[in-house]
Amino acid sequence: MRDNLIKYILGIADNSLILGQRLGELCGHGPNLETDIALTNISLDLLGQTRNYYQYIARLSGNNKTEDDIAFMRSEREYINVLLVEQPNDHFGYVIARQFYYDVFHYLLMQNLQNSSDETLAAIAKKGIKEVSYHLRFSSDWIKRLGDGTKESHQKIQEAIDDRWVYTNELFMKTEADELLINEGVGVNVLDFKEAYYQKVSQVLEEATLTVPDEKYYQKGGKEGIHSEHMGYILAELQYMQKSYPNLKW
Amino acid sequence: MILKKQLIEKELISVLKTVSDPEIPVLTILDMGVVREAREVNGIVKVNITPTYSGCPAMDVIEDDIIKAFDDVGKKATVELILSPAWTTDWITLEGRKALEDYGVAPPLNPTADKEVLLEEKRMVTCPNCKSTKTVVVSQFGSTACKALFKCEDCKEPFDYFKCL
Ligand SMILES: [Zn+2]
């Protein structure tokens, strides 16, 4: 039970860590000052939530494990984030498309996780949902601004929305640990809100005068620890300090 | 009102009052509402604080500052971060709201008004500089995660608005 609970929490937390890291790369590189600050503030929220999850896992694990061990000392195959969040920033449209696809999911997940029978997870979700609602507002606004903007912005956001679409279905795939924790009343059954997810996504895209992709071929693997070629580079940067100077503290 | 559930022993208030939010130095942690419990048990002061935002980098500093403040008066203190119930901007005291405004940060409105000013761009936030309400939102994210960026169309000053949580 404990190992499954840990795995269940990692499935949520690793998404926040890797997406937070990706957004952190944009610090000082946003298209304008306000957007730069917004993206890094979202990154900060995600990393803060990650810390809450990892601190909880560290407590569950015992053996003096720390949040840093979990964040920095695992190998690539041990991270179980979805492929969506590790996709590169490419151009600004890709940053927004990835964020939007994740925010809609994240919001629905937090909404449901508030009712978890696990008190710590419920508390993290109650705090998290307030933050995630700002993230969703931000990414939805940008989808509309770019989609309903100039010819070029429309074309670029459509390109990103199409290319990242294949990663959305993995959000709704369940691992063995997920199934077990759902039965315990701890985990959220993501299939319960899959329809709501695609409805919300379509609604915003249509409002933005964008075409909703209808591709039925989907990518998967992240939840099993099988990542895209980008993951190694993310971890190289993320883990560098802790691997070079084990147990370093600020 | 949840505020009443705060359990802070009277004798400890004077020390806690000396600790402020490092990002908004005019605001004590008591006015901020982050101290949920403080009591002395067998000579050790136990303080529970709750984070304003999940990623609030100020929390680690606040923890160290509390320990140091009690150390200065010869007391040993331990600080625990608790997540539930989640902090809300309603816990900022009236004195705290006043201190925020004097500092140049517009204090949070109620949740409905908050949505209206941030989404529908209604003009309800008062400029802390000239008190005009001809203010517009520039960005939903300001200098820190808990603030949005506004500007005043009368005095032209940009300022932070403390978002409703
Ligand atoms: Zn003004």
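The values are calculated or read from the model by the stated rules, or taken from the named source; none is laboratory data. These numbers were taken from a predicted model, which means no experiment stands behind them. For neighbour counting, all protein chains shown are included, and Cβ atoms are generated from backbone atoms with ideal geometry for every residue, glycine included. Just so you know, the surface numbers come from the protein's heavy atoms only, side chains and all, with ligands and any DNA or RNA stripped out. Shrake-Rupley method; radii C 1.70, N 1.55, O 1.52, S 1.80 Å.
A compact table of results
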quantity	calculated
Separation in nanometres of the label points that stand 7 Å from Cα toward Cβ, at residue B:131 and residue A:137	2.8
Those lysines that a straight Cα-Cα span of less than 28 Å connects to residue A:194, excepting residues fewer than 8 apart in one chain	A:7, A:126, A:127, A:130, A:144, A:156, A:174, A:216, A:220, A:223, B:115
From phi via Karplus (6.51, -1.76, 1.60), per-residue ³J(HN,Hα) for the range B:154-165 in Hz, x at Gly/Pro	8, 8, 6, 7, x, 7, 8, 10, 6, 5, 6, 10
Residue range of chain B that is longest and free of trypsin sites (Lys or Arg not before Pro) which are both DSSP loop and sparsely packed (at most 16 other C-beta within 10 Å)	B:18-74
Sparsely packed trypsin sites (Lys or Arg not before Pro) within the range A:135-242, loop by DSSP, other Cβ within 10 Å at most 12	A:216
Kirkwood-based Rg to Rh ratio, the range B:92-165, C-alpha trace	0.92
Helix-only [θ]222 nm of the protein assembly as shown, DSSP H runs n ≥ 4, -39500 (n - 2.57) each, per residue, nearest 500	-16000 deg cm²/dmol
Rounded accessible area of residue A:154 (nearest 10 Å², 1.4 Å probe)	60
Alpha carbon convex hull of the range A:1-154, volume per residue in cubic angstrom	109
log10 of Debye I(q)/I(0), alpha-carbon scatterers only, for chain B at 0.09, 0.15, 0.20 Å⁻¹	-0.33, -0.81, -1.23
Rounded to 10°, Cα long-axis angle of helix A:194-207 versus longest principal axis of chain A	30
Gyration tensor (Cα) of the protein assembly as shown, equivalent ellipsoid semi-axes in angstrom	35, 29, 19
Normalised alpha carbon radius of gyration of the range A:79-169 [divisor 2.2 N^0.38 Å]	1.21
Residues in the range A:42-63 that, when all protein chains are in place, have 20 Å² or more less accessible area than the chain alone would give (probe 1.4 Å)	A:44, A:45, A:48, A:51, A:52
Backbone N within the range A:22-57 under 20 Å of label point (7 Å from residue B:64 Cα along the Cβ vector)	A:48, A:51-52
